[in-house]
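To start, the structure under review is shown below, and the notes come after it.
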Amino acid sequence: MELDDFKKTWAALDNRLKHNEKLNESIILEMKKSKAMKKVNRFIAYEMFQVVILILMVPICIYFIGQRGGKYLVWDIAMFFFAAICFIYPFWGVYKINGLMKFDFTKNVGNNILCMNRYNIQLKQEMKFLIYFLAPVTVILAITYYAVAKAALPFWVLLICALTVASLICYWSYKIYDKGIKSILKSLDEIKELKEE
């Protein structure tokens, strides 16, 4: 009789242990999903913020063209260049946001991994554009404008400081994005492993 009671108690404990394991796995799964979704939503918010700021910069560039236009050709070229960038980039930003909006846990985890990898590639392309085209053109236009306008030494120091700060902000932003993407991909891999088990 004691052996039967022992078997029943053992079976009940075994069932409870399996139930706790499933419960723990589902809690871990939800935590991973929540963590990944928060980071994706943060990326979407950052992208929207950039799009809005750049759209607002277009009229500011046009205002500066109207105010100081015609005095220095370099100034006019720089303002038209930045107005064009501020006008074109929001389309790219909306394209990236659209890709991030496809991130959805009701679908297959593989789709989310694909979505994040695509976003990672887009960020790398953006960084290459910034490093190999936008930054050199900006520096050349700024130096040329200062040389033509015969700027005083304090303005040159200010330019160097501004370019240094802008470079550090871009580098820091990219590192934050890169860290966030790696964290999301790690969470997605763990979710995939949990679902496969």
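Only the coordinates and a few stated rules stand behind these numbers; no lab work does. Quantities reported herein were computed from a predicted structural model and do not represent experimental measurements. Note that each Cβ is placed from the backbone with ideal geometry, even for glycine, and that neighbours are counted across all protein chains shown.
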Protection proxy (average C-beta count within 10 Å per residue), highest first, orders 112-121, 30-39 as 112-121, 30-39
Once Leu168 and Arg68 are pulled to full extension, the length gained, defined as 0.36 nm per residue separation minus their Cα-Cα distance, is 33.1 nm
Once Met101 and Leu158 are pulled to full extension, the length gained, defined as 0.36 nm per residue separation minus their Cα-Cα distance, is 16.5 nm
Computed over the chain, the relative contact order (Cα-Cα under 8 Å, seq sep at least six) in percent reads 30 percent
The exposure ranking of Phe49, Phe87, Phe82, fewest beta-carbon neighbours within 10 Å first, is Phe49, Phe87, Phe82
So, with points 7 Å from each Cα along the Cβ direction, the Tyr46-Gln122 label distance in nm works out to 1.3 nm
Asserting the computed 222 nm helical MRE of the chain (DSSP H runs at least 4 long, -39500 (n - 2.57) per run, divided by residue count, to nearest 500) equals -32500 deg cm²/dmol
Cα extents of the chain along the principal axes, largest first, in whole Å, come to 104, 30, 23
When Thr9, Thr144 are arranged by how many other beta-carbons sit within 10 Å of their Cβ, fewest first, they go Thr9, Thr144
At R0 = 25 Å the Cβ-Cβ FRET efficiency linking Glu190 and Ile53, nearest 0.05, sits at 0.10
